[in-house]
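Asker: Provided herewith is a single structure, encoded as structure tokens, for subsequent inquiry.
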Amino acid sequence: MKRNDLVRLTAAVVAAAFTAVLGSAGVPATAQGKPIVIGASISETGAYADSGKYALQGYQLWVQQQNAKGGLLGRKIELKTYDDASDPATAVRLYQRLIDQDHVDLIVGPYSSAVTASVANVAQQHHMPMISPEVASTAPFERGLTEIFQGIQVAADYVSGPMEIAKEHGYKTIAVTGEDTLFPRSVVAGVEDQAKKLGMTVVFNQLYPHNASDYSAIVQKMKEANPDIVLSASYLPDSVGLLRAMKQANFAPKLVYLGVGPTELSFGTQNGKDADGVMGTGNWSAELKTQGNADFVKAFEATFGRPPDYHAASNYAALEVLGEAVKRAGSLDLDKIRDQLATLTMPTVMGSYRVDPKTGIQQGYRSLVLQWENGKQYVVYPKQLAQRAPNVPFAAWASR
Amino acid sequence: MKRATVAGFVLVVAALALIPPFASGYVRSLLYITVLDVALAYAWNVISGYAGYLSFGQVTFFGLGAYTTALVVIHGHVAWWEGALLGGALSALLAVPLGYLMLRLRGAYFALGMLGLAQTFQVIANASGFSGGGSGLFLPPGSNTLAVYYWTLAIAVLTFVATVFIDRSAFGLRLQALREDEQVASTLGVDVTTAKVMAFVISAIVPGLLGGGYAWYLTYIEPVSAFATRFDLQAVAMTILGGIGTVWGPLIGGVLMSQVSETLAAQFPQTYLMIFGGLVVVLLLFLPRGIVPAVSAALARRRARA
Amino acid sequence: MHPVLIGQLTVDGLLLGGIYALSALGLNVIFGVMRIVNLAHGEFVIGAALFAAVLFERWHINPFIVLPFAFAAAFGGGALIQRFLLRRLPEDLAAAETTSLLLTFGISYFLVGAGLAIFSGNFRSVPFLTGAWALGAISIAQTRFVAFVTSSILALLLALLLRYTALGRSLRATSQSIEGALACGVDVERVRTFAFALGTGIAAASGCLLSLIFTVNPETGANVTLASFAVIALGGLGDYVGTLVGAAIIGLAISFTGYYASAQVAQAAPYVLFILVLLLRPSGLLGRRAA
């Protein structure tokens, strides 16, 4: 009876598979003396991959340093991370795995607004407070969820820097572009209003899609609008593509701001001399005079053999805040920790952490404008933190 | 079907239905994704396995279902499953003209044409303000994985039952005939166009219904993940592994592949892709028709020798 | 309609087409001769691009110098893949198409994983020849022009190879009927191995050039694969001059719709064209059967 054998085989296979799944749902261990486990997923692969490694190392450094000082609440700290490949459904499952299977005590937020939007739901359902060290758009925080907190500057804040610089130099017309996804859209959302307040005009405003193959057409259109400045909410690959297209079209407006892409270290490698003069928003810089920053940079370089970038810094700062919240709560009581995260203010390597207790939106950190020159980036805004004055106008292509 | 087979199947479904309420959120999610992938594999099996039209674009309807549900939930304030039903209906409706158009293509052209269709839909979702564009759509938070899971399980079971019917029915015979040689089948009087369009509609309505559940599960959708090629590739891999054009193929292939994927991905994130890809290649070289036919053949040989 | 603008858009479009053609030619050799849908095509291209980018980053080696080596290495690798993997595909053509789709899909996942393990997910490109020449008021991007010229020469060489050499005749025979070719004494296995190796070699060479133009990481291969298939559908299977034409059309479509409509529409353009052509003229825009 061939059929019966086949059925039995099937049943056996299916049963075995599911047993494996359920069997691997671990048994919770007792708390005392055991390490405190912090869980997170990192985007080591996928669309936003450049930052993944740095982000992980930022976490690792904090855990290492904290353990050397005796850990948290007298217990050692362990880090448990997975790679979510920048995919929301994978991240959801990984966080559930961290919570249900690995029984982590605390969690920290993933990268990218899109992934965080889905994971936030999981955090909320499990009543586990979560700081998102890398989500700058405010949309995920405006859904009435009480468990998530923003560990980085607000996106809409990003363009005010370059616009102020432009205003100071008498520039009037703006061309706006950026990737048509959640975070960049938040960045450019307020441009029209801000322009009006500053007496400037937006002469071009069009976004390009994620994964666009070619930027020549949009650059051509911008060139025709003849703007004084270009503001683009771009990530790394698109900022490189845009800059190249601008060079090839011989388009050199007086001020070039390309979002968060330029602050990635490889922007400089990929563009060489062409990067000079390009501005971007950084949430942090190695020379920033924030609490513990100089030591952080030294320690990072000593441990990992290369200087940190802002992903490492913001993730490190997130754990600084979480650690402090746990200390002040005096225990791993999630509700107490949650309340602390909502109300505490403290200095970190990123600046002064403070959130809106109702939404969790970041209010203390200020964003910086960084500008490339000769293979290095310098803070040019705000004035109090600037290392040097902004170098405008943007040099013509022929003169490089 | 032999009673033992039916009994075995009922047992499996019962287990799948009874475990989740007692399991953790992680196990529920895992089961959900597994059942989702298996259901999509079964749907894919109809147009690609039985009818022989290999499609790499069924995610077109999955994304359509996801967006339809998201939009009616947000603007129409209806329940998510009502949105999902609407998504399925819309997919079925669109599948008719799309089917008539696309099924004029053959072989790799059809496969790639469907891939192109999925990309086109993704770009449309990305471009139109109505669908939230690149920012996507936020659904009300607080979704219940359990409800979505049962919805998906129900559809998976129905799709399986439909496959059994197709396998045994005259309709299924017509599909297999046109798969073997469409011209000959047509000459012999088989209405190949109607048959293949019907198969296409079935393969579209299932993803359409399931997409809505997915949107609710994630509470947020955007073009890239709603129309991800991953869904088609998983369905393809699972079905071919298990046995394309068979009744049990997608189930066996699906269960095996999702378990392997999940374990590998969690433990070895860097090398998981290499292992997964290598596994697919190795299995294909040694089991090109899939596990189920290979096992059946082995069993048949054993019987013959006895 | 400003003539300079139209001129610029046309130039941009044609140059973009040159890039598309370059990556599609390798695929066309494989698909055209062997009817194998090589889903791993993009990974071969990107793999070479990443390799070239890293060599430039570390030791400032010019991608043009890397190119012949990349070609040779990929040629050898492709030959090996054909001999040890693809050769084992079932004889039954229908099953072969299905199996080759999945086999190359598996290979592509493997290569993406290997790429991530070796190169990490970081985006890379080579900052070389990034400027543009000016022809009056029109700018001609340097790297793209080089890609355009290379793909044109390559397409011509391939077309000549097919029509005037014995090897070319064997390739054409094999693509039309394996039994027929065998009956004529063609060593089908060697021809197929050569075709796959050549296709892979060209893919790698195009990757080296692409590293100058785009910023890539191990996961951008999928875009290249899709775009290449779109080009082949337009231009016709096995028709290399057709590849140039198809690519030019896609390039022009992206350029003009990008300007007059929006970047989002431009993104859809290749796929829409692809589907339209498949439906209306399945043998390609030039309507010529496989050469």
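Computed from the coordinates by the stated procedures, all read-outs in this text should not be read as laboratory data. Predicted model, so just to flag it, every value in this text is computed and none were measured. Don't worry about glycine lacking a Cβ; one is built from the backbone with ideal geometry, like all the others, and counts go over all protein chains shown.
Asker: Working from the alpha-carbon coordinates of chain B, get Rg over Rh, Rh being the Kirkwood radius. It would help to have the intermediate numbers written out before the result.
Answerer: Details: Rg = 19.3 Å, Rh = 19.9 Å.
Taking Rh as the inverse mean 1/r over Cα pairs, Rg/Rh reads 0.97.
Asker: How far apart, in nanometres, would the label points at C:Phe84 and A:Thr345 be if each is projected 7 angstrom from Cα along the Cα-to-Cβ direction?
Answerer: Reported label-point gap for C:Phe84 and A:Thr345 is 6.5 nm.
Asker: Also, I was wondering about something else. Using the Kirkwood radius over C-alpha pairs as Rh, can you work out the diffusion coefficient of chain C via Stokes-Einstein at 10 °C, viscosity 1.306 mPa s, in µm² per second? Don't jump to the answer; show the numbers that get you there.
Answerer: Values: Rh = 19.3 Å.
Translational diffusion coefficient: 82 µm²/s.
Asker: Give me the net charge for the shell around A:Glu164: Cβ to Cβ below 15 angstrom, other residues only, Lys and Arg +1, Asp and Glu -1.
Answerer: +3
Asker: Let me ask something else about it. Using 1/(1 + (r/R0)^6) with R0 = 22 angstrom and r between the beta carbons of A:Lys336 and A:Ala68, what's the FRET efficiency to the nearest 0.05? Intermediate results must be reported in sequence, preceding the final value.
Answerer: Working: r = 26 Å, r/R0 = 1.17.
That pair, A:Lys336 with A:Ala68, gives E of 0.30.
Asker: Sequence-distant or interchain residues sharing an amide H contact under 5 Å with B:Ile221, placed H: which?
Answerer: B:Leu137, B:Leu139
Asker: Return the tail of the calculated pair distribution for the protein assembly as shown, meaning the percent of Cα-Cα pairs more than 44 Å apart. Please list the in-between numbers first.
Answerer: Values: 163426 of 496506 pairs.
More than 44 Å apart: 33 percent of the Cα pairs in the protein assembly as shown.
Asker: With r defined as the distance between the Cβ atoms of A:Leu265 and C:Glu179 and R0 fixed at 45 Å, what FRET efficiency is calculated, to the nearest 0.05? List each step's numbers first, then the result.
Answerer: Working: r = 58 Å, r/R0 = 1.30.
After rounding to 0.05, the efficiency reads 0.15.
Asker: What average number of partner chain Cβ atoms lie no more than 10 Å from the Cβ of the residues making up A:219-228? If you can, show how the numbers build up before the last one.
Answerer: Details: counts 2, 8, 5, 0, 1, 3, 0, 0, 0, 0.
Mean partner-chain Cβ count within 10 Å for A:219-228: 2.
Asker: Would you please give the residues with an amide H less than 5 Å from that of A:Glu78, counting only those at least 5 places away or on a separate chain, with H modeled from the backbone geometry?
Answerer: Close amide H contacts, sequence-distant or interchain: A:Ile36, A:Val37, A:Ile38.
Asker: Across peptide C:267-277, how many C-beta atoms of other chains are within 10 Å of each residue C-beta, on average?
Answerer: On the way: counts 14, 10, 2, 5, 11, 5, 1, 8, 11, 1, 2.
Counting other chains' Cβ atoms within 10 Å and averaging over C:267-277 gives 6.
Asker: Mind giving me the FRET efficiency for B:Thr194 and A:Glu168? R0 is 60 Å, r the Cβ-Cβ distance, nearest 0.05 is fine. If you can, show how the numbers build up before the last one.
Answerer: Values: r = 71 Å, r/R0 = 1.18.
According to the calculation, E is roughly 0.25.
Asker: Kindly provide the trypsin sites (Lys or Arg not before Pro) of segment A:302-375 that DSSP labels as loop, not H, G, I, E or B, and whose Cβ sees at most 11 other Cβ atoms within 10 Å. Write down the numbers at each step before the final one.
Answerer: Details: sites: A:Lys327, A:Arg328, A:Lys336, A:Arg338, A:Arg354, A:Lys358, A:Arg366; in loops: A:Arg354, A:Lys358, A:Arg366.
In loop regions of segment A:302-375 (DSSP not H, G, I, E or B), the sparsely surrounded trypsin sites (Lys or Arg not before Pro) are A:Lys358.
Asker: Using the Cβ atoms and a cut-off under 13 Å, what net charge is assigned to the surroundings of A:Lys247, where Lys and Arg are +1 and Asp and Glu are -1? The partial results should precede the final answer.
Answerer: Values: positive: A:Lys223, A:Arg244, A:Lys273, A:Arg400, C:Arg144; negative: A:Asp274, A:Asp276.
Around A:Lys247, the charge tally is +3.
Asker: So, one more: Any idea how far the Cα center of segment C:4-61 sits from the one of segment C:98-139, in Å?
Answerer: After rounding, the separation between the Cα centres reads 8 Å.
Asker: Quick check for me: using +1 on Lys/Arg Cβ and -1 on Asp/Glu Cβ, what's the dipole size of segment A:292-380 about its Cα centre, in debye to the nearest 20?
Answerer: Values: 10 positive and 10 negative charges, 19 e Å.
Using only the charged Cβ atoms, the result is roughly 100 debye.
Asker: Distance in nm between label sites at A:Ser352 and C:Asn62, each 7 Å beyond Cα in the beta-carbon direction?
Answerer: Calculated label separation equals 5.6 nm.
Asker: Quick query: amide H of A:Met346 versus all other amide H atoms, modeled in the peptide plane; which residues come in under 5 Å with a sequence gap of 5 or more or a different chain?
Answerer: Answer set, sorted by chain and number: A:Tyr353.
Asker: How large is ³J(HN,Hα) for each residue in segment C:49-64, as worked out from phi by the Karplus curve 6.51 cos²θ - 1.76 cosθ + 1.60 (θ = phi - 60°), to whole Hz, x for Gly and Pro?
Answerer: Each residue of segment C:49-64 in turn: 4, 5, 4, 5, 5, 5, 4, 6, 4, 7, 10, 6, 8, 5, x, 5 Hz.
Asker: With θ set to phi - 60° and the Karplus curve 6.51 cos²θ - 1.76 cosθ + 1.60, what are the ³J(HN,Hα) couplings of segment B:119-129 in order, to the nearest whole Hz, using x for Gly and Pro?
Answerer: Values, residue by residue: 5, 4, 4, 4, 5, 4, 4, 6, 8, 8, x Hz.
Asker: Right, here's the next one. Trypsin sites (Lys or Arg not before Pro), restricted to segment A:205-307: which are DSSP loop and have at most 11 other Cβ atoms within 10 Å? Each step should come with its number before you reach the end.
Answerer: Details: sites: A:Lys221, A:Lys223, A:Arg244, A:Lys247, A:Lys254, A:Lys273, A:Lys289, A:Lys298; in loops: A:Lys254, A:Lys289.
The qualifying sites are A:Lys289.
Asker: Taking 0.36 nm per residue of separation and subtracting the Cα-Cα distance, what length does fully extending A:Ala294 through A:Lys196 add?
Answerer: Numbers: separation 98, 0.36 × 98 = 35.28 nm, distance 3.92 nm.
Stretched out fully, the A:Ala294 to A:Lys196 stretch lengthens by 31.4 nm.
Asker: Could you calculate the contour length gain from B:Arg305 to B:Phe22, that is, 0.36 nm times the residue separation minus the distance between their Cα atoms, to one decimal place in nm?
Answerer: Working: separation 283, 0.36 × 283 = 101.88 nm, distance 4.65 nm.
Full extension of this stretch gives 97.2 nm more.
Asker: In deg cm²/dmol and to the nearest 500, what is the mean residue ellipticity at 222 nm of chain B if only DSSP H runs of at least 4 residues count, each as -39500 (n - 2.57), divided by the residue total?
Answerer: Numbers: 14 runs with 233 residues, N = 306.
One gets -25500 deg cm²/dmol as the mean residue ellipticity at 222 nm.
Asker: Any idea how far apart C:Leu135 and A:Lys327 come out in nm if each label point goes 7 Å out from Cα toward Cβ?
Answerer: Rounded to a tenth, the inter-label distance reads 6.7 nm.
Asker: Quick one: go through segment B:120-148 and flag any residue whose amide nitrogen is under 19 Å from the point 7 Å out along the Cα-to-Cβ line of A:Gln206.
Answerer: What the label zone holds, given the 19 Å backbone N cut-off, is B:123-130, B:133-135.
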